[in-house]
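Readers should treat all values here as calculations from the given coordinates under stated rules, not as data from a laboratory. A quick note: this is a predicted structure, and the numbers were derived from the prediction, not measured. We place every Cβ from the backbone using ideal geometry, glycine too, and count neighbours over all the protein chains shown.
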Amino acid sequence: MTRARLHAASPEFSRLAFGTWRLLDSPARATPEGLLELLKTCLDCGITTIDTAEIYGGYRVEELVGAALALDAGVKQRMELITKAGIYVPNSFHPERRFAHYNAAASRLVKSAEKSLRWLGVEVLDCFLVHRPDWLGSIDETAAGLNQLLQEGKIRSAGVSNYSASQFAALSTRMDQPLVTNQVEFHPFHLDPIHDGVFDQCQERRLRPMAWSPMAGGRLFAEDDAAAVRLRAACAAMAERYDGASPDQLVLAWILAHPAGPVPVLGTTRVERVQAAAAALNLALSREDWYGLWEAAQGRRIP
Ligand SMILES: NC(=O)c1ccc[n+]([C@@H]2O[C@H](COP(=O)([O-])OP(=O)(O)OC[C@H]3O[C@@H](n4cnc5c(N)ncnc54)[C@H](OP(=O)(O)O)[C@@H]3O)[C@@H](O)[C@H]2O)c1
């Protein structure tokens, strides 16, 4: 599989990342052994990058990922780890929390990254992202935390998630090293990054965004969703031009085709769907077909 840096200042990652948000929803993947099986499939397909977050699975997924990696040193050594922090919600581990809140203060980010290192069982994180903009967090505070982690060698690169272009630009002014990515929602039903300046900014700064929920969180496969039905029909109609590619493969090809070079973060927990996703990297959608899928998803022609 092609490998790519998110930015010249980032380590190399695989062109697709494996997302871990839904692991605990799948009994087959909620154990270290079950997850290890899927990670081996990822590696066989060239997917070496794991995307996780402190909050996933009620703050339990990082521990699961760490336990799976601990079972096989060879697998662990070949994988890169991206994690995120900054969202804090009341739960059974944290009954003292009254309200869900964001916190991207320096001390909080450092504490969370150190906790992620322990859970994941590694000395350094390949990339650490601020999960959401903290409306009460100053850019000086947030940058101080990221700069400290970079300086102490606890993270190889830093980025953000769900930041607007202006939030990204503001935080960048205080960083000692460039932010390497902005992980945002992007798929044919959610075009915001094309229109709100985020993907323009990524191109301007020569960094790759990461695209979360590439299958629209599973909506692509809904039977009772008119836009999803239209999009699947459009995929089926063009499949023969792409060696019989499936709708999920064509939608991945659609995401990959954007000139900002997004790295899709896969959400599936199934071996065969990971394999199909990896094969989608070989598909090159034509310009007209890209717009054809846009038209089907949006239910209208371009303006
Ligand atoms: N930064 C952020 O704020 C943020 C937010 C959300 C997510 N993320 C990251 O992005 C990753 C992916 O997000 P996501 O889970 O929403 O991804 P997604 O791929 O859009 O949705 C995954 C869901 O779709 C189903 N699915 C996938 N392929 C399918 C197919 N061919 N047929 C039927 N169902 C299919 C999966 O079920 P199966 O497991 O059964 O295949 C799963 O329930 C997360 O794991 C996380 O790492 C980041």
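Note: the chain, Cα convex hull, 136 Å³ per residue. Structural descriptor for the range 3-211: relative contact order 18 percent, calculated from alpha carbon pairs under 8 angstrom and at least 6 residues apart.
Across the options P214, A296, T83, the greatest Cα extent toward the positive end of the charge dipole of the chain (unit charges at beta carbon of Lys, Arg, Asp, Glu) belongs to T83. Comparing T31, S286, G66 along the charge dipole axis of the chain, the residue lying farthest to the positive side is G66, per the Cβ-charge model.
Charging the Cβ of each Asp and Glu at -1 and of each Lys and Arg at +1, and nothing else, the dipole of the chain about its Cα centre rounds to 200 debye. Neighbour counts of C-beta atoms inside 10 Å place H101, H195 in the sequence H195, H101, starting with the fewest. The distance from the alpha carbon centre of the range 253-273 to that of the range 204-249 is 9 Å, rounded to a whole number. Using the rule -39500 (n - 2.57) for each DSSP H run of four or more residues, divided by the residues of the chain, the 222 nm mean residue ellipticity is -12000 deg cm²/dmol.
Take every Cα pair under 8 Å in the range 109-206 that's 6+ residues apart, average their separations, divide by the length, and report that relative contact order as a whole percent.
Here the relative contact order equals 26 percent.
Relative to the longest principal Cα axis of the chain, at what angle does helix 287-298 sit, 0 to 90 degrees, rounded to 10? The angle comes out at about 80 degrees. Ignoring solvent entirely, what values of log10 I(q)/I(0) come out of the Debye formula for the range 181-271 at 0.19, 0.22, 0.24 Å⁻¹ when each Cα is a single scatterer? For the requested q values the scattering log ratios are -0.89, -1.09, -1.20. For the chain, find the longest principal axis of its Cα atoms and tell me its angle to the long axis of helix 32-44, 0 to 90°, nearest 10. Once rounded, the angle reads 60 degrees.
What FRET efficiency, computed as 1/(1 + (r/R0)^6) with R0 = 25 Å and r the Cβ-Cβ distance, is obtained for F93 and A30, rounded to the nearest 0.05? That gives a FRET efficiency of 0.90. Simple rule: put +1 on each Lys or Arg Cβ and -1 on each Asp or Glu Cβ in the range 134-283, find the dipole, and look at A277, S172, L149; the Cα lying farthest toward the positive end is A277. Restricting attention to the chain, lysine pairs at least eight places apart or on different chains and with alpha-carbon atoms under 13 angstrom apart total 5. For the chain, the longest principal axis of the Cα atoms and the long axis of helix 139-151 meet at an angle of about 80 degrees.
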